[in-house]
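Quick note: the coordinates plus some simple rules give every number you see, no bench work behind them. What you see is a predicted model; the values in this text were computed from it and never measured. Backbone-built Cβ (ideal geometry, glycine too); neighbour counts: all protein chains shown.
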Amino acid sequence: MPERPFESDDAGKQQHELDENSPSHNNEHSGGEDDDEHQSEEDDDQEDDDDEPTPNFTDDDYGSDFPDDVLCPELMAERPQEHESLNNIIVVDNLPKVDSVKLEKLKQVISKVYSKFGICRNEYYPLDKDGNTKGYGFFEFQNEQMAIEAVKQTDGYRLDKNHTFSVNLMSDFERLTQVPPESADTGNLLSWLSEPDAVDQFAVQSDEPKKTTIFSNALSGPTILDERNKWTENNFVWSPKGTYLASFHEQGIAFWGGKEFRQVQRFAHRGVNYIDFSPCERYLVTISPRPNNPEAFIVWDVITGTKKRSFPLDQHFSQGPSYFKWSFQDQYFAKQGPDGIYMYDTESFQLVDKKPFKIPSLADFQWSPTDNRLAYWTAEDGNVPARLVLAEVNGTRLDEIRSKTLFNVIDCRLCWQKRGDYLVVKVDRYTKKSGEKNNPKYSGLIYNFEIFHMREKNVPLDTLEVKEIIQSFAIEPAGHKLVVITGENLRTNVTFYKMGQGQKSGKIETLKVMPLAVTTAIWAPNGQYVVLAAMKTGSSSGGQLIFVDTADMSVMTKQEHPDLSDVEWCPTGRYVASSVNLWNAKRDHSFKIWTFQGNMIFEKTVDRLVAFHWRPRPPSLLTEDMVKDVRKNRNVWTPRLDQRDRILRTGESAKQQEQRRKQLDEFQKLKEKNTKRLAIQKQQRIDLRRGVDTDSLFDQQSSNVGEELVEFLIKSEEVEHKP
């Protein structure tokens, strides 16, 4: 049975109390005969002492009614108060190391920082043998509340580019200096990547009972790796590289991983509804949007499980996990604020340059998936038109690379290609505006795409105008194609475009237009193949799946999955799954797995299906040259892989083949053993048979063996002859 996250330690505490109250801890009166003899000797000594009068040094006869505060007020004013403890003393590390000449200047600077939190009664800067400060100091505040606020506000405070404060309460020293116990052995968290046939995994969750099942998508059919009831109290989330499975609980979030999916980490944060990983899985953001929650957002270190920074709930939060947006290497995370972009670095978890990047009328921004660049757009504000901006983070600056002014803009949607080669922006515009400022009405809508070519000099910009209503669009993850679905309801057209590159930049080519009733397009992770799907919308059950090869713009096959809820490619691009879940249909909840050509290989009905998600994979370690070499030698690898696939697809017969192979090997070994023995005993046989070599007779008979052909009538059929 799996371990439970956030399990109470009360049992351990009770056991500890029992141990302390056990006889072994109450041995003061169990000394035995030696103790009795010693006690007798003491009693004798006491009797001897009682014979002599004891001097009385008390001053009871000279008592006074005056309290100590009246007799020595100066001394008693400095006595420790009952409410005081080490909690009103803070320790500040990473202070500048200065000599005695600059010490007074340092004290003035530090006092200016901490005077805003209350009265600092004492301060102490330890010095080395040369009289220089050691780089840390002790500061005593008037009360505990002042000290706690000082720690909260200045821990991580950047005094200058070389000195960032590390601040703790003096009472925390014992806790911080304790060596944490070694973490439990969770095994190899990447063991699933060493599977010899590169089989993908996926997780399925059903409701009532709350059951989570993890499958291995073997060629012979998916097999169950693990299945647990109430593994999570809400939903589950895979980490971006597939290392962890995150489960939701009232007390917080738990991570599971390794071959046996053991608990590897937990994050205590009550009422978490959403989580968000950084792209490299180094950090986790837990979101508990409860009213008046001072720690609605907490940023955690995934490896150590420590809290790095917390944020209160603000008015700009919209339900969902993408409150913070991460740079591609986890170096920065940023959020949209009332006056611009609030960007934090993961070294200090403080604002970059201690202030936000001021961007008036900021509407949205998105990070590049491969560079420290971001795109943002600003909405119209009175007579100021909207702007679309591409910028690069350069230290503490946000340098503008490319921009375009847009007029009569309703909305923009920013979308980066997976490899970062293109930034595609869908722009909704109007020709006429009416109504009030807070409730405008638009007419004469116009749609177009602004396409940035990120890998080309000066980042050229193309514009693609679309006359019909755009339902959805998708960029080829590793390629140069753009698919756009236009029209209303299910009277839609699917148009494939090729975005110009190199010398052809500035030219967008229309590849093909397909009149198909679909709602969305889902590209394979490596491009080329795309699934056009009709999701369930309103009264339409949808369910159509069209598999397209964009290399020649051919439709490979068309399939059906009524009441379709979701379509998701496996990370390797070999298979695609379609599912019907509880939220979109009242019955017939199921999932189907298809090959990339559209051939169904597996179907399973899951009562009250809630979610289906493939386990992600980390980026490939192969370089472009290595990939080219594999493709070049495809003819060498293909026969071997096809043979392996045939064995795996047969499932049980593969085991039978293996068993037969073992039996054949055993037979060959037995045959060789008896052949050797026959040769050794040949002379004995000749002697016993009076010099006749009978082995040669068998050889002659074998050469005279003939073959007889026997024919059986299997089927007869009469055919009418027509001259």
- Message: Could you derive backbone 3J(HN,Hα) for the stretch 287-304 from the dihedral phi with the Karplus parameters 6.51, -1.76 and 1.60 (θ = phi - 60°), listing whole Hz in sequence and x where the residue is Gly or Pro?
- Response: 10, 10, x, 7, x, 6, 8, x, 10, 5, 10, 10, 9, 10, 7, 5, 5, 8
- Task: Tell me the label-point distance for the pair ARG661, ARG608, using the 7 Å Cα-to-Cβ offset, in nm and rounded to one decimal.
- Result: 4.5 nm
- Any idea what % of Cα-Cα pairs in the stretch 491-563 are farther than 16 Å? 54 percent
- Query: Ranked by Cβ crowding within 10 angstrom, fewest neighbours first, how are PHE602, PHE591 ordered?
  - Reply: PHE602, PHE591
- Query: If one computes P(r) from the Cα atoms of the stretch 86-177, what percent of pairs lie at distances over 16 Å?
  - Reply: 52 percent
- Message: Per-residue counts of other Cβ atoms within 10 Å, averaged by peptide: what ranking do you get for 124-134, 390-400, 338-348, 420-430, highest first?
- Response: 420-430, 338-348, 390-400, 124-134
- Query: Taking K and R as +1 and D and E as -1, what net charge do the other residues with C-beta under 13 Å from the C-beta of LEU362 add up to?
  - Reply: 0
- Starting from the eigenvalues of the Cα gyration tensor, five times each then square-rooted, give me the equivalent ellipsoid semi-axes of the stretch 263-358, largest first, whole Å. 20, 17, 11
- Query: If you take the Cα Rg of the stretch 514-603 and divide it by 2.2 N^0.38 Å, with N the number of residues, what do you get?
  - Reply: 1.02
- Pairs over 24 Å Cα to Cα, from LYS325/LYS441; LYS116/LYS152; LYS558/LYS628; LYS467/LYS498, come to LYS325/LYS441; LYS558/LYS628
- Task: Specify which residue in the list VAL302, THR286, GLN329 is farthest towards the positive end of the charge dipole of the stretch 263-358, using unit charges on the beta carbon of Lys, Arg (+1) and Asp, Glu (-1), about the Cα centre.
- Result: THR286
- To the nearest 20 debye, what charge dipole does the stretch 430-513 have about its Cα centre, counting +1 at the Cβ of each Lys and Arg and -1 at the Cβ of each Asp and Glu? 80 debye
- Message: I'd like the per residue volume of the convex hull spanned by the Cα atoms of the stretch 286-435, given in cubic angstrom.
- Response: 141 Å³
- Quick one: order THR537, THR154 by neighbouring beta-carbon count within 10 Å, fewest to most. THR537, THR154
- Query: Taking the Cα centre of the stretch 469-546 as the origin and placing charges on Cβ (Lys, Arg +1; Asp, Glu -1), which of GLY538, ILE475, TYR497 is farthest toward the positive end of the dipole?
  - Reply: TYR497
- Ellipsoid equivalent to the stretch 224-280 - semi-axes via the Cα gyration tensor, in Å: 17, 15, 10
